[in-house]
Amino acid sequence: MLAFHLLIQCYCRWPKPAVDGPVRIYAEGRLLIAMEWIDTEVQLPKECQRVLLYTPYQVFGDDYTCVGNFESIKACTKKIGRKNVRIFTHWMPLPDKPQTT
């Protein structure tokens, strides 16, 4: 059920995690977002925090990202050889909601 829930939420394509710095998203020459991927081995999100997740495995077709949370990182695994490994290796906080006037 959780995997189905994650598949429904996969809607954006973000660059793969890079060792050399933050993700920078530009529109019309303006910097919109500058965020860094966080390794799940180093830090996990808060339990109820929704975040953007990255997997190096091709579990979502051509997309390697989806929106999930702490539980998604802990519960979603893939069998590689004889071991179950977590499919999500990196995460980053979602940007703030747009301000409305």
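Every listed requirement among (1) at pLDDT 90 or above; (2) not in a loop (DSSP other than H, G, I, E, B) is met by ILE25 save one, (1).
Can you tell me which residue among LYS79, LYS74 is at pLDDT 85 or above, touching a strand residue (DSSP E or B) at 6+ places or on another chain (Cβ under 9 Å) and exposed (fewer than 10 other Cβ atoms within 10 Å of the Cβ)?
Residue meeting the stated conditions: LYS79.
Could you list, in sequence order, all residues of the stretch 50-96 that are in a strand (DSSP E or B) and without any contact (Cβ under 8 Å) to a residue 24 or more places away in the chain?
At the first step, the residues of the stretch 50-96 found to be in a strand (DSSP E or B) are 51-54, 60, 63, 65-68, 77-80, 83-86, 90-93.
Answer for the stretch 50-96, where residues must be in a strand (DSSP E or B) and without any contact (Cβ under 8 Å) to a residue 24 or more places away in the chain: THR77, LYS78, LYS79, ILE80, LYS83, ASN84, VAL85.
The values are calculated or read from the model by the stated rules, or taken from the named source; none is laboratory data. All values derive from a computational prediction rather than experimental measurement. A quick note on method: Cβ atoms are made from the backbone with ideal geometry, for glycine too, and the neighbour counts reach across all protein chains shown.
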